[in-house]
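Engineer: First, the structure itself, so that you have it in front of you.
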Amino acid sequence: MWFWLALGSAVFAALTSILAKIGIKGVESNLATAIRTMVVVFMAWGMVFITHQQGGIRSISQKSWIFLIMSGLATGASWLCYYKALQMGDASKVVPIDKLSVVITLVLAFVFLHEEFTLKSALGCILIGAGTLLMVL
């Protein structure tokens with residue numbers, strides 16, 4: 001099931017880029033990010049209430065709160081950078097660079113989460129990096 005959800009994420013991320021590039025025309029990038037964020041907030045909390053998970057908020061540990069807040073700050077920073085880059089550049093160049101997050105995530109997962117970094121992972125990172133470079137040149 002995780003594969004199909006991850007594939008859905010990729011499809012929706014692709015739609016996000018195209019829809020954002022169209023929608024951001026004539027709109028300041030920070031304002032566009034704020035509008036997008038509000039939609040995401042309403043959608044996420046809607047799912048929490050639809051699935052009756054709101055009671056779980058009391059059981060979240062302090063450590064989880066800290067890391068979820070830090071993750072939210074990183075997401076916000078990412079979106080602000082992404083929208084400004086998308087406003088200034090071509091989607092066909094901005095999106096591949098943004099997807100270098102895959103390579104960065106693999107390295108950070110190895111360093112901080114002690115996940116396995118195999119020859120296959122290293123080769124994939126190299127190919128993604130080379131492919132990104134090829135696409136943006």
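Where a number appears in this text, it was derived from the coordinates with a stated rule and is not lab data. This is a predicted model, so every value here is computed, not measured. With ideal geometry, Cβ positions are generated from the backbone for all residues, glycine too; neighbour counts draw on all protein chains shown.
Engineer: As a check on your grasp of the helix formula, calculate [θ] at 222 nm for the chain: sum -39500 (n - 2.57) over DSSP H runs of n ≥ 4, divide by the residue count, round to the nearest 500.
Structural biologist: Working: 6 runs with 109 residues, N = 137.
The helix-only estimate for the chain comes to -27000 deg cm²/dmol at 222 nm.
Engineer: Right, another one. Within 10 Å, count the other beta carbons around each residue, average over each peptide in 80-89, 118-127, and list them highest first. Working shown, then result.
Structural biologist: On the way: 80-89: 17.1, 118-127: 11.9.
Highest to lowest by the protection proxy: 80-89, 118-127.
Engineer: Calculate how large, on average over all directions, the projected area of the Cα convex hull of the stretch 1-112 is; give the answer in nm² to one decimal.
Structural biologist: Orientation-averaged projected area of the Cα hull: 8.6 nm².
Engineer: For an R0 of 30 angstrom, estimate the FRET efficiency from the Cβ-Cβ distance between Gln53 and Thr75 and round to the nearest 0.05. Walk me through the numbers on the way to the answer.
Structural biologist: Details: r = 20 Å, r/R0 = 0.66.
FRET efficiency, Gln53 to Thr75: 0.90.
Engineer: Compute the FRET efficiency between Phe3 and Leu31 as 1/(1 + (r/R0)^6), taking r as their Cβ-Cβ distance and R0 = 35 Å, and round to the nearest 0.05. Please list the in-between numbers first.
Structural biologist: On the way: r = 36 Å, r/R0 = 1.03.
Efficiency, from the Cβ-Cβ distance: 0.45.
Engineer: Among 56-65, 90-99, 107-116, how do they line up from the highest to the lowest mean number of other beta-carbon atoms within 10 Å? Before the final figure, lay out the partial values.
Structural biologist: Numbers: 56-65: 8.5, 90-99: 16.2, 107-116: 10.9.
Sorting 56-65, 90-99, 107-116 by mean packing, highest first, produces 90-99, 107-116, 56-65.
Engineer: When only Cα pairs under 8 Å and 6 or more residues apart are kept, what is the percent relative contact order across the chain?
Structural biologist: Values: 48 pairs, mean separation 38.6, N = 137.
Reported as a whole number, the value is 28 percent.
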